[in-house]
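Inspection log for the structure reproduced underneath, given as structure tokens.
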Amino acid sequence: MSLVYAGILSHAPGITGRAHLAPNAAVRDAFYACLHKQAAEIRASEAEVLLVVAAEHFANFFMDNMPAYCLGIGEKHTGPIEDSDWLKIEKTTIPGAPEVALKIVKSMLKSVDLAYSEEWQCDHGIMVPLHFLTPNYDLPVIPCNINCQGPPLTPLSRVWQFGQALRQACDEQTERIAIVGTGGISHWPATPDSGKINEDWDREFLQRLMNQDMHKLLAYVDEEVYSQAGQGGFEIRTLIATAAAARGPGELQFYSAELPIFAVGCTVARFEITA
Amino acid sequence: MSLYQVQKFLYNLNREEKLQSRFREDKHATLATYELTDDEFTALASGDIGLLYVFGVNGQILMHYAAFLQIEWFDYLQLMRGGIDKHGPVRAGIYAMTGGGKQFAEAGKTGEES
Ligand SMILES: [Fe+2]
């Protein structure tokens with residue numbers, strides 16, 4: 001078994017970019033402490049590669065050729081694409097894991113149609129997690145994107161199958177692999193409603209996710225998600241895929257709706273990896 | 001209306017530093033390579049966040065463009081509200097305003113750094 005860690009975390013750009021604007025510094029710092037703990041857990045797992053299941057925001061893909069799923073197999077990646085002062089993360093180069101990534105793609109193609117790319121630019125969706133999880137950018141990273149921005153989007157049943165295929169592919173490798181899924185739950189980012197959070201919806205979703213309640217997770221439909229959880233809610237795909245890969249129950253390590261300046265219910269959790 | 005072309009330009013701009021330099025040097029020549037209506041051309045050349053939001057530009061693409069323009073966070077949110085006041089509701093896409101113009105987040109008074 002070479003999947004050695006599976007967890008989830010938020011990635012909203014305000015988490016780094018608007019840290020100084022957070023009125024509730026104690027809650028903010030408790031969130032950061034949990035992210036640092038997650039980094040320590042990944043280090044303790046002795047992971048050799050970090051695979052980030054992300055929902056990118058038009059750093060690589062556009063509606064001229066939009067893959068539902070894509071894995072980054074390049075030797076290196078760059079980011080952030082955003083203004084560094086705005087995101088408060090310096091532009092950098094991140095090492096890839098081309099050999100492992102290619103083996104994972106080959107394995108997954110047996111059951112899932114996914115795209116791959118040797119070029120990858122990271123936006124806040126990957127840079128914010130890396131900023132906390134591998135701040136020195138010394139852990140090889142395999143970026144992975146699920147299209148959550150340009151509808152039509154991949155159905156949740158396919159997302160579950162994607163997570164299962166990812167797990168199968170990891171199991172076939174000798175390298176120690178950590179997976180983090182990163183997406184928002186309910187939120188209305190990049191609209192005037194930024195900061196709106198449906199905490200009840202988030203907690204219900206997280207309960208289903210932590211319990212590995214596949215039937216209830218796959219029961220969400222996009223129209224309901226859009227009305228209850230906003231367009232940002234489409235990013236639950238990344239979290240559901242990670243749960244499907246881990247198979248074991250989750251432990252919610254942090255959730256707070258008290259940081260609306262970050263535009264998302266701030267979340268950190270990990271899953272048990274079971275056979 | 002060629003929302004696709006507006007977004008395609010902003011997508012390219014947001015991810016290509018060379019295009020950013022070229023756009024800073026000569027906005028009109030850079031935009032001339034895209035099939036834009038006069039309104040779209042003007043909105044992009046002048047950085048009219050409110051009108052671009054109402055056109056239906058994907059929020060993530062527009063947010064990154066606003067960052068490129070060095071617009072402060074709360075100003076950017078207010079520019080989108082102003083666009084709706086002036087031009088009406090968002091015309092396309094999934095980034096419509098649903099909160100009636102309410103402000104959901106406030107900045108801390110101390111601006112304390114961690
Ligand atoms: Fe996102």
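The values are calculated or read from the model by the stated rules, or taken from the named source; none is laboratory data. Here the structure is a predicted model, which means the values were calculated and not measured. FYI the Cβ positions are ideal-geometry reconstructions off the backbone, even for glycines, and counts take in every protein chain you see. For the accessible areas, the whole protein counts, side chains as well, though only heavy atoms, and no ligand, DNA or RNA atoms are used. Shrake-Rupley method; radii C 1.70, N 1.55, O 1.52, S 1.80 Å.
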Using a 1.4 Å probe on heavy atoms of the protein chains only, the accessible area for residue B:85 in Å², nearest 10, reads 130 Å²
For residue A:197, the accessible surface traced by a 1.4 Å probe with all protein chains present amounts, in square angstrom to the nearest 10, to 40 Å²
Once A:56, A:272 are ranked on solvent-accessible area with the largest value leading and a 1.4 Å probe, the list reads A:272, A:56
Going through A:91/B:86; A:37/A:91; A:37/A:88 one by one, the pairs whose alpha carbons sit over 26 Å apart turn out to be A:91/B:86
Listed by chain and number, the aspartates and glutamates with an alpha carbon less than 15 angstrom from that of residue A:216, same-chain partners under 8 positions apart left out, are A:202, A:204, A:224
Regression test value, accessible area per residue of region B:3-109, probe 1.4 Å, units Å², expected 48 Å²
Scoring only Lys, Arg, Asp and Glu (+1, +1, -1, -1) among other residues with Cβ under 13 Å from the Cβ of residue A:145 yields -3
Expressed in square angstrom to the nearest 10, the accessible area of residue B:68 with a 1.4 Å probe stands at 30 Å²
Under the helix-only model (-39500 (n - 2.57) for each DSSP H run of 4 or more, divided by the residues of the protein assembly as shown), the mean residue ellipticity at 222 nm, to 500 deg cm²/dmol, is -12500 deg cm²/dmol
Ordered by number, the residues of region B:32-80 with at least 30 Å² less accessible area in the assembly than alone (1.4 Å probe) are B:58, B:60, B:61, B:63, B:64, B:67, B:70, B:73, B:77
On complex formation of B with A, accessible surface lost, both sides summed, probe 1.4 Å, nearest 100 Å², amounts to 3600 Å²
Mean per-residue count of partner chain Cβ within 10 Å for B:90-96 equals 5
With a 1.4 angstrom probe the carbon and sulfur portion of accessible area for region A:3-273, in percent, totals 49 percent
For chain A, averaging the sequence separation of alpha carbon pairs under 8 Å that lie six or more residues apart and dividing by its residue count, the contact order in percent is 31 percent
Scoring only Lys, Arg, Asp and Glu (+1, +1, -1, -1) among other residues with Cβ under 13 Å from the Cβ of residue B:30 yields +2
Total charge of the residues flanking residue B:49 in space, meaning their Cβ is under 14 Å from its Cβ, with Lys and Arg +1 and Asp and Glu -1, is -3
